[in-house]
Amino acid sequence: MPKIFYLLLFHIMASTNFVDYVKTFCRSGAGGRGSAHLHRDKRTMKGGPDGGDGGRGGNVIVRGNRNYWTLIHLKYQRHVFAGDGGNGSEDRSTGADGEDVTIEVPLGTVARDAETGETICEITQDGESFILVKGGRGGLGNWNFRSATNQTPRFAQPGEPRVERTVILELKVLADVGLVGFPNAGKSTLLSVVSAAKPEIANYPFTTLVPNLGIVNYRDGRSFVMADIPGIIEGAHQGKGLGIRFLRHIERNSLLLFMIPVDSEDINKEYEILLHELEQFNPQMLDKHRVLAITKCDIIDEEMVMDIASQIKINIPTVFISAVAQYGLDKLKDTLWEELNNESNKLEAIQTEQLVHREREVSRYDELDDEEFEPTENEESAE
């Protein structure tokens with residue numbers, strides 16, 4: 001496809017309310033200086049040391065909040081600065097601790113170091129927190145250095161300096177079922193039929209530009225969450241199409257629903273291509289349970305369904321459906337619910353176990369202007 005097409009896609013994505021990637025310059029607070037004060041009062045001309053310790057610098061903390069579903073509130077927050085610790089003073093008074101800064105993020109957010117691509121932490125529980133940048137320790141006052149041979153130390157420790165770090169926050173949506181398929185495979189149509197979600201639907205590739213979530217109602221008041229992500233094309237793990245930008249959203253799904261149109265030239269080959277892209281992106285994704293849905297079956301009859309079913313050589317549960325004609329949807333829900341409630345495939349286990357995050361190549365990320373992350377003179381003086 002022409003380059004202008006992809007530029008248009010990313011321009012449209014930039015105007016949506018769904019933001020799943022932000023890059024932020026974080027700086028912790030410096031520790032306060034220790035005091036070298038010597039005790040003086042009207043009765044004491046030459047007292048001993050009574051200098052207090054400096055306060056610790058503020059931390060930059062990331063914390064999960066279930067009320068957020070996107071990172072849009074951080075889109076324009078390019079700098080996060082914690083407060084400096086207060087200096088120690090006389091009478092062994094410790095300086096005040098620097099003010100911590102907490103970054104609220106939705107569940108499923110992964111923090112990475114922008115320079116190395118190394119995973120710092122992952123937030124999956126409401127209220128879970130992690131220190132991204134630790135504040136400097138406060139310096140010790142001269143009270144701590146008194147001894148029999150040096151009873152009046154006239155020195156104290158300085159506080160530890162600020163720590164700077166550029167952090168990338170990535171959101172991976174938490175859902176039970178993730179829809180995987182090529183563009184125009186009918187993923188958004190299925191989500192719009194089985195749930196109340198209203199994704200954009202049109203007859204051209206990459207209609208879906210951001211992930212969409214929908215709650216699918218099942219029998220007896222039960223339900224599960226389904227996630228529709230933009231279509232995958234061959235070479236997506238290398239950045240082609242919408243590339244790795246949205247592949248990460250299915251890393252946290254409990255079950256993968258592969259969707260291939262019935263009029264595809266080779267269903268088996270398309271399935272292998274999709275599976276290969278997931279394997280190249282993260283081999284651990286192959287451990288997830290999978291279901292295959294053959295879509296757009298309203299254009300064929302029952303005899304052709306039986307003929308195509310005999311040609312499929314994929315050893316996973318397979319369902320023939322048509323979202324438009326609402327054909328086979330009940331059977332699809334039954335199959336998905338059965339796979340979701342398999343003992344080895346529950347979302348609770350996926351959330352609590354340690355998912356292996358592969359280190360990303362920093363060059364793959366969107367290149368942002370370095371000037372946006374350098375503190376300005378006004379910000380420096382404000383500190």
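The values are calculated or read from the model by the stated rules, or taken from the named source; none is laboratory data. Just so we're clear, the structure is a prediction, and the values are computed from it rather than from any experiment. Positions of Cβ are backbone-derived with ideal geometry, glycine not excepted, and every protein chain shown enters the neighbour counts.
When Gly221, Gly243, Gly214 are checked against the criterion of being assigned by TED's automatic domain parsing to the domain that holds Asn341, at pLDDT below 75 and among the small types (Gly, Ala, Ser), Gly243 stands alone in meeting it.
Taking the numbered list (1) touching an Asp or Glu at 6+ places or on another chain (Cβ under 9 Å); (2) surrounded by fewer than 17 Cβ atoms within 10 Å (Cβ to Cβ); (3) modelled with pLDDT under 85 in turn, Ile201 passes all entries but (1). The set of residues in the range 1-39 that are in a loop (DSSP other than H, G, I, E, B) and modelled with pLDDT of 85 or more comprises Ser28, Gly29, Ala30, Gly31, Gly32, Arg33, Gly34, Ser35, Ala36, His37, His39. The selection criterion, being surrounded by 19 or more Cβ atoms within 10 Å (Cβ to Cβ), basic (Lys, Arg) and touching a Lys or Arg at 6+ places or on another chain (Cβ under 6 Å), holds for Arg56. Does the range 83-100 include one or more residues that are at pLDDT 90 or above, crowded, with 21+ Cβ neighbours inside 10 Å and within 14 Å of the chain's Cα centre (by Cα)? Looking for residues that are at pLDDT 90 or above, crowded, with 21+ Cβ neighbours inside 10 Å and within 14 Å of the chain's Cα centre (by Cα), one finds none in the range 83-100, hence no. As a summary of the residue check, Ser147 satisfies the conditions (1) in contact (Cβ under 8 Å) with a residue 24 or more places away in the chain; (2) surrounded by fewer than 24 Cβ atoms within 10 Å (Cβ to Cβ) except for the one numbered (1). Pairing residues of the range 210-235 that are in a strand (DSSP E or B) with residues that are aliphatic (A, V, I, L, M) and exposed (fewer than 14 other Cβ atoms within 10 Å of the Cβ), at Cβ distances under 8 Å and at least 6 apart in sequence or on separate chains, gives Gly214/Ala196; Ile215/Ala196. Please work out if Arg137 is farther than 17 Å from Ser35 by Cβ, in contact (Cβ under 8 Å) with a residue 40 or more places away in the chain and crowded, with 18+ Cβ neighbours inside 10 Å. Judged against the criteria, Arg137 is not a match.
Under the condition of being under 46 Å from the mean Cα position of the chain (by Cα) and acidic (Asp, Glu), the residues counted in the range 23-61 number 1.
The residue pairs whose first member lies in the range 261-274 and is polar (S, T, N, Q), whose second member is surrounded by 13 or more Cβ atoms within 10 Å (Cβ to Cβ), and whose beta carbons are closer than 9 Å, counting only pairs six or more residues apart or on different chains, are Ser264/Phe182; Ser264/Ala185; Ser264/Glu270; Ser264/Ile294; Asn268/Ile312; Asn268/Ile314.
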